[in-house]
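A.B. asks: Questions regarding the structure given below will be posed in turn.
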Amino acid sequence: MTDIEKITILIADDHSLVREGIRKILELEPDLQVVGEAATGQEAIEMARRYQPQVIIMDINMPGLNGIEATKVIRQEWPQIAILALTIHDDEEYIIELLRSGVSGYVLKDISAEELVQAVYQVARGARVIHPGVAQKVIGCIQKQKPFKPAPVSIPLTAREREILIHVSLGKSNREIARELFISEKTVKNHLTHIFHKIGVSDRTQAALYALKHGLNDAKLE
C-alpha cells in the first residue's frame, strides 16, 4: 500500500509506555500508520478532529474525560471512525457502557500482538470484534437485562446461513468469510441481511451474541 492507502490509527492511553508498545507493534505492519497519540479523552477528541483517523485504539481510564465519554463524542461527530476499546477492564458496567457508546470492538490488554493487529484490520473493514471473555459476560447481561429480543429459536436458518453466522461470531469480516466459503462478498452480505431479519437483530455484534447465546459458535464448521 502507499501512504495514502494505509489504515490510519490514533492511540489513546494515559500510559506513555503502553502507547509506545502499541505503536511499535503497529508500525511493524506496512499497511498501518499511527498518526497520533493521546493521553486523555479530550486529547483523543482533538486529535480525532485534526487527523480523522480510520481507527482509534481507546483506553477507558484516562484523566479528565474518560474513554467512554470520549467515544460518545467521537462517534456522534465522526461516525465513520472505528473505535477499538483496548482495556484491562472486563466488568459488566464498562462492557455494556462501551458497547452502547458505539465502539466497533472490545478487546482486553492480555491479547497477543498478532491479535491486536488483526482486531485493527477487522474494525477498519467494518467488522465487529469482541474478546471471547467479554462476549460471555455480555450474554449474562442479556439474560438479566434483555437489551434486545432475539427471534424464537424455532425460526430456521439454512445450513449456509448457520455457517456464515458462526463465522460472524468468530469475528470474521465479510471478505474473510467470502474467501473461506468460496463465495462473493455480495453473496455474504445478502445472506447476512436474511440472517439479521430471521433472528431479529440489526447488526453484526447482536448477531454474534445471538450465535454465542444459542451455542452456534460451538458447532463444527465443515
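A.B. asks: What accessible area per residue comes out for region 159-214, rounded to a whole number of Å², with a 1.4 Å probe?
C.D. replies: For region 159-214, the solvent-accessible area averages 49 Å² per residue.
A.B. asks: Do you know the Lys pair count in region 7-144 for C-alpha distances under 25 Å, with sequence separation 8 or more or different chains?
C.D. replies: Value for region 7-144: 5.
A.B. asks: For V129, what charge total do you get from the other residues with a beta carbon under 11 Å from its beta carbon, if Lys and Arg give +1 and Asp and Glu give -1?
C.D. replies: After counting each charged neighbour, the total is +3.
A.B. asks: When ligands, DNA and RNA are left out and all protein chains stay put, how many square angstrom of accessible area per residue does region 1-124 have with a 1.4 Å probe?
C.D. replies: Counting only protein heavy atoms, the per-residue value for region 1-124 is 47 Å².
A.B. asks: Beta carbons within 10 angstrom, averaged per residue: use that to sort the peptides 118-125, 173-180, highest first.
C.D. replies: Answer by packing, highest mean first, reads 118-125, 173-180.
A.B. asks: Follow-up question, since we're still on this one. On the accessible surface of region 159-214, probed at 1.4 Å, how many percent belong to carbon and sulfur atoms?
C.D. replies: Of the solvent-accessible surface of region 159-214, carbon and sulfur hold 52 percent.
A.B. asks: Within 13 Å, Cβ to Cβ, of E37, how many net charges do the neighbouring residues add up to if Lys/Arg are +1 and Asp/Glu are -1?
C.D. replies: Result for the neighbourhood of E37: -3.
A.B. asks: Accessible area of region 7-144 with a 1.4 Å probe: how many percent of it is carbon plus sulfur?
C.D. replies: Carbon-and-sulfur percentage of accessible area, whole number: 48.
The values are calculated or read from the model by the stated rules, or taken from the named source; none is laboratory data. Please read all numbers here as calculations on a predicted model, not as lab measurements. Cβ atoms come from the backbone with ideal geometry, glycine included; neighbour counts cover every protein chain shown. Surface accessibility is based on the protein's heavy atoms, side chains included, excluding ligands, DNA and RNA. Shrake-Rupley method; radii C 1.70, N 1.55, O 1.52, S 1.80 Å.
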